[in-house]
1. Report, to the nearest 10°, how far helix 209-219 tilts away from the longest principal axis of the Cα atoms in the chain, using its own Cα long axis and a range of 0 to 90°.
2. Report for the chain the percent antiparallel among DSSP-assigned beta bridges with both residues inside it, nearest 5.
3. Report the relative contact order of region 31-124, percent, no decimals, based on alpha-carbon pairs under 8 angstrom and at least 6 residues apart.
4. Provide 218, 42 in ascending order of the number of other Cβ atoms located within 10 Å of each residue's Cβ, fewest first.
5. For the pair residue 71/residue 101, report the inter-label distance in nm, with labels modelled 7 Å from Cα in the Cβ direction.
6. Distance between the C-alpha centers of region 146-165 and region 218-236? Whole Å please.
7. Which residue, 175, 150, 129, tops the fluctuation ranking in a GNM of the chain built on C-alpha contacts under 10 Å?
8. Calculated from DSSP H runs of 4 or more alone, at -39500 (n - 2.57) each and per residue, what is the 222 nm mean residue ellipticity of the chain, nearest 500?
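Here, each number is a calculation from the coordinates, and none is a lab measurement. Computed from a predicted model, the values in this text were never measured in an experiment. For neighbour counting, all protein chains shown are included, and Cβ atoms are generated from backbone atoms with ideal geometry for every residue, glycine included.
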């Protein structure tokens, strides 16, 4: 069950606070929303004084017995924010139909998120899964070894399969592939498959320049589309958590570039 579904099962009134309109600069975009319950919150409309005001107004709405309310908030010095824009918030107490609509909206949002497939649940793969877990991505950690998958503490989808290439073939266009398995031969096979798709936002393989050269010889040539070594910007620190942080930055940059390309045609 998703975090949203769990929140919506709470007892007592829940108020949806949604940014309906933005003029100028704002900490969040139109459509962003948060939920306010007695003593609990889910989501955010940008933090700061805007969010504090919205929370107070949502709880005042419940106390008043009303169902809906609007707020027009200038994001300037008068509320202690410096964005300089203006937002209009719509507040409403959720009924059953409203909760169902939110779950449908959330499912569609999640389905549209970029995919990140991590092949290999060893120490680097687990660190990568943990680093990616809180980001707005659909992350899968894939391995044939159930015992290694069981060691991850990350809240990501775990796939135990003897055919990891099937996961790669089933992924959508624009996915990111990170290959860090326990076997060089498997790394080569999966990396070659990922490169052959021609629609990957990112293809990274764990290893050194020497491993890259061996892969190029095995695969019939090098390609600039392959990122190997990954996390090349890091300076010699080989701790899995440090490598993971640099790889996350590389992947996010690649995914952002794909999004911009789609947006601007």
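1. 70 degrees
2. 55 percent
3. Working: 76 pairs, mean separation 16.0, N = 94.
Here the relative contact order equals 17 percent.
4. Numbers: 218 14, 42 18.
So the ranking, lowest neighbour count to highest, is 218, 42.
5. 2.0 nm
6. Each part's Cα centre sits 25 Å from the other's.
7. Between 175, 150, 129, it is 150 that shows the largest mean-square fluctuation.
8. Details: 9 runs with 109 residues, N = 265.
Estimated from H runs of four or more residues: -13000 deg cm²/dmol.
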